[in-house]
Every structure is written in structure tokens, then in C-alpha cells.
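To start, the structure under review is shown below, and the notes come after it.
The values are calculated or read from the model by the stated rules, or taken from the named source; none is laboratory data. What you see is a predicted model, and the numbers here were worked out from it, not measured in a lab. FYI the Cβ positions are ideal-geometry reconstructions off the backbone, even for glycines, and counts take in every protein chain you see. When the accessible area is computed, the model is the full protein with side chains, heavy atoms only, and any ligands, DNA or RNA have been set aside. Shrake-Rupley method; radii C 1.70, N 1.55, O 1.52, S 1.80 Å.
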Amino acid sequence: MSTFEIWFAFVAMTVITIVTRTFFLLAGDRVTLPQRLQRALRYAPAAALAVIVVPEVLLLDHQFSLHLHNPKLAAALAATGWFVWRRNMIEMIVVGMAVYTLGRLFL
């Protein structure tokens, strides 16, 4: 890639990011999203989080690892189970990190 192509990509990505993020602010009340789309957009943060977290939990040494010798998977399962049982986010984080640390030390 040439220097021009790299700078063009940076400028283009910047402009696209600014336009897409400010579109609804600039449009104001003139643009209203359909109710169905508004309901669907409520799931966007959870979907984005899943896209980031799931591969990190399921991959071990760049391969899918669906056994409990994967400390990330064991910690995620323990934290999820704890949250379902207790409904306490802080305790869930502590349990997940404790299981992950023990798994890294002893597995």
C-alpha cells in the first residue's frame, strides 16, 4: 500500500464514523425509527458483547476448546451459574476470576 492509500483509508474511515454516529443527532425529530427497528436495536449491545466474549472464552491456543481444561470456559460457566443462582454481579465477577485464576494455576 502506498502512503496515499493509507492516509485515504484513515480519512475515509474517520468521515464514515463521524457521519454514522452524528446522523441521528443532526436529524433530530425529523427522522423516527420504526417501532420494530427500535425493539431490535435494544439487542445490539448484547450481540456486540457476545461477538467479543464468546471467541475469547471458547478459543484456547487459537483452537476451539470445549472442555473444562480451558480455564476461560470453566470460569465463564462458574460465573454464569453463580449469577443465575445469586443474581449478584460483583459476586459473579469474583467467582469467575477465582475459578479462572485457579484454572490457570492448576490446569
Answer residue from the range 51-85, given it is touching a helix residue (DSSP H, G or I) at 6+ places or on another chain (Cβ under 8 Å) and of a type in the set (Phe, Trp, Tyr) and is nearest to ALA98 (Cα to Cα) among those | TRP82
Among the residues listed as SER65, SER2, the single one being over 30 Å from PHE106 (Cβ atoms), polar (S, T, N, Q) and open to solvent by less than 80 Å² (accessible area, probe 1.4 Å) | SER2
Given the conditions (1) surrounded by 13 or more Cβ atoms within 10 Å (Cβ to Cβ); (2) polar (S, T, N, Q); (3) modelled with pLDDT of 95 or more; (4) more than 18 Å from the chain's Cα centre (by Cα), every one holds for THR14 apart from (1)
Contact list, first residue from the range 40-57 and within 18 Å of PRO71 (Cα to Cα), second anywhere and open to solvent by less than 70 Å² (accessible area, probe 1.4 Å) and among the hydrophobic types (A, V, I, L, M, F, W, C), beta-carbon distance below 6 Å, six or more apart or interchain, is VAL57/LEU73; VAL57/ALA76
Sole miss for LEU37 among (1) closer than 25 Å to PRO71 by Cα; (2) of a type outside the set (Val, Ile, Thr); (3) open to solvent by less than 80 Å² (accessible area, probe 1.4 Å) is condition (1)
Among the candidates GLU56, GLU91, which residue alone is of a type in the set (D, E, K, R), part of a helix (DSSP H, G or I) and either open to solvent by 60 Å² or more (accessible area, probe 1.4 Å) or at pLDDT below 95 (or both)?
-> GLU56
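For the structure I just gave you, tell me whether ALA48 is more than 28 Å from VAL99 (Cβ to Cβ), surrounded by 10 or more Cβ atoms within 10 Å (Cβ to Cβ) and modelled with pLDDT under 95.
Numbers: more than 28 Å from VAL99 (Cβ to Cβ): no; surrounded by 10 or more Cβ atoms within 10 Å (Cβ to Cβ): yes; modelled with pLDDT under 95: yes.
When the stated conditions are applied, ALA48 does not pass them.
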